[in-house]
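What follows is calculated from the coordinates using simple rules that are stated; it is not laboratory data. Every value quoted in this text rests on a predicted model; they were computed, and no experiment measured them. Positions of Cβ are generated from backbone atoms using ideal geometry, with glycine treated the same way; all protein chains shown enter the neighbour counts.
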Amino acid sequence: MITLTIDLPDSLAEEAKQAGLLTPNAIENILRETLLHRAVNGLFSAADKLAAANLPPMTMDEIQEEVNAVRAQRKHRAPGT
């Protein structure tokens, strides 16, 4: 567990306190929601870049080759790593 100390303007700290946002659970929820939001934005950004690349669609055979390659890599890894 990490203890954080932050400096906030008095008015913001008071508003956040009144809204119940300065409790450990509230701060944890805010951080988790923010991290999730950033991850989702990252996925949409990657999807936009992929769409802009205008790549031809993969055939089912190409998809199966990729799946097989990933499975082969996982099979060769030592268990527990």
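When you scan region 37-49, do you find a residue that is acidic (Asp, Glu), loosely packed, with under 10 Cβ neighbours inside 10 Å and in a helix (DSSP H, G or I), even just one? Show your work before the answer.
From region 37-49, those acidic (Asp, Glu) are 48; that's our starting set.
Narrowing further to those that are loosely packed, with under 10 Cβ neighbours inside 10 Å: none.
No, because not a single residue in region 37-49 is acidic (Asp, Glu), loosely packed, with under 10 Cβ neighbours inside 10 Å and in a helix (DSSP H, G or I).
Does region 4-27 hold any residues that are under 23 Å from the mean Cα position of the chain (by Cα) and exposed (fewer than 12 other Cβ atoms within 10 Å of the Cβ), and which are they?
Leu4, Pro24, Asn25
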